[in-house]
1. Out of all the residues in the range 146-160, which are free of Cβ contacts under 8 Å to residues at least 60 places away in the same chain, under 20 Å from Gly192 (Cβ atoms) and either open to solvent by 20 Å² or more (accessible area, probe 1.4 Å) or not in a loop (DSSP other than H, G, I, E, B) (or both)?
2. So for the range 1-17 (the condition being surrounded by fewer than 14 Cβ atoms within 10 Å (Cβ to Cβ), without any contact (Cβ under 8 Å) to a residue 40 or more places away in the chain and under 24 Å from Val99 (Cβ atoms)), does at least one residue qualify?
3. Within the range 312-321, restricting attention to residues that are out of contact with any helix residue (DSSP H, G or I) (no Cβ under 7 Å at 6 or more places or on another chain) and on the phi < 0 side of the Ramachandran plot, which residue is least open to solvent (accessible area, probe 1.4 Å)?
4. Tell me, which residue of the range 259-311 that is open to solvent by less than 40 Å² (accessible area, probe 1.4 Å) and aromatic (Phe, Trp, Tyr) is nearest to the chain's Cα centre (by Cα)?
5. I need the full set of residues from the range 36-52 which are over 25 Å from Pro109 (Cβ atoms) and open to solvent by less than 10 Å² (accessible area, probe 1.4 Å), in order please.
6. Looking for whichever is charged (D, E, K, R) and at pLDDT 90 or above here; the options are Glu45, Glu57. Which one fits?
7. Just give me the residues in the range 21-47 being closer than 25 Å to Gly161 by Cβ and not charged (D, E, K, R), in sequence order.
8. With the structure loaded, tell me whether Ile232 is open to solvent by 50 Å² or more (accessible area, probe 1.4 Å), modelled with pLDDT of 95 or more and aliphatic (A, V, I, L, M) or whether it fails that test.
Amino acid sequence: MSKSLMEYKKDEKVLGFYLVKSCELRTSNKGGEYMDMVISDNSGEIAAKVWDLNREETAQARNAENRDIVKIQGVVTEWNGAKQIKVIKIRKATDEDEVELSKLVKTAPVSGEELYDRIYGILKEVEDEELRKLTASLMEKNRDKLVYFPAASKNHHAIKGGLMYHVYRMLLTAQAVCGIYPILSRDLLYCGVILHDIAKLEEIDADELGMADRYTFEGQMLGHIVQGIKMIDSECRELGISDEKRIMMEHMVLSHHYEPEYGSPKKPMFPEAEVLHYLDIVDARMYDMEKWLENVAPGDFSDRIWSMDNRKIYKPLFGEQ
């Protein structure tokens, strides 16, 4: 592909191989069937619609499945302020097609292995032996998944290595914040950052490409907050961690979404838990803004961003070379 997916503008023709992130057969208001898809490459993802499934050029869309590689010819349109692709032709990739998988999968800018090592290096700064032992044990037991796992199926850091990238950037911010506020325990905050989303490994069903299109049964029934508390509780009891530290670590996981409607039945009850919530929010927001502004011209606005209350984000003219 000579052009990345997110570089296409309205009315431009699209041609290339893309990864199917989701696809669903739907019925239009007029009663006809169409395929509602989300396709992606390493620049991002975009909605794609296959309106006429009876034509030979589009019939293969009926058999499309998540994680398929497809060749698409289409045109960029716009709906409710967001770009989407009207598919004219579509077929599944074959063994004869020369497809570079690395161009189809969006990954963190640093490899998962390198991120794991950087995070483990910061963990070594933790002086409290029990907190360090708890966090190191959960990291080591889950290393194989941590190096490729996304942080979400659709929202922020939904990329290969996204979970570790999210944690690493939160840790960098935590280091700075701890230098400003002496009240904060570096040990408690660092370990809370590393473990706050650890149970997403059990909540999300993801493959080694970092692709996640569904949640596990337990993930749907319990969610990563409850699952995280279970993981920490079990590990603490196995390692003989003191009750106070166990409960405080569980509380950090329990409260990091802050509001009941987002899954937290308790709000933070000590400074490190409060800061953890805002570190999480800041990194998620900055990731979304970075992602959407990548392909916005200076002086222009992004498409509306659902995860940010349907806001548009502006890219200024000044500061550009």
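The values are calculated or read from the model by the stated rules, or taken from the named source; none is laboratory data. Keep in mind it's a predicted model, so treat the numbers as computed, not measured. Glycine gets a Cβ as well: all are built from the backbone with ideal geometry, and neighbour counts include every protein chain shown. Keep in mind that these areas ignore ligands, DNA and RNA; they rest on the heavy atoms of the full protein, side chains included. Shrake-Rupley method; radii C 1.70, N 1.55, O 1.52, S 1.80 Å.
1. Within the range 146-160, Leu146 is the sole residue that qualifies.
2. Yes, there is a match, as at least one residue in the range 1-17 is surrounded by fewer than 14 Cβ atoms within 10 Å (Cβ to Cβ), without any contact (Cβ under 8 Å) to a residue 40 or more places away in the chain and under 24 Å from Val99 (Cβ atoms).
3. Pro316
4. Tyr287
5. Result: Met37, Ala48, Val50.
6. Exactly one of Glu45, Glu57 is charged (D, E, K, R) and at pLDDT 90 or above, namely Glu57.
7. Step one: of the range 21-47, the residues closer than 25 Å to Gly161 by Cβ are 21-23, 37-47.
Answer for the range 21-47, where residues must be closer than 25 Å to Gly161 by Cβ and not charged (D, E, K, R): Ser22, Cys23, Met37, Val38, Ile39, Ser40, Asn42, Ser43, Gly44, Ile46, Ala47.
8. Against the criterion (open to solvent by 50 Å² or more (accessible area, probe 1.4 Å), modelled with pLDDT of 95 or more and aliphatic (A, V, I, L, M)), Ile232 does not qualify.
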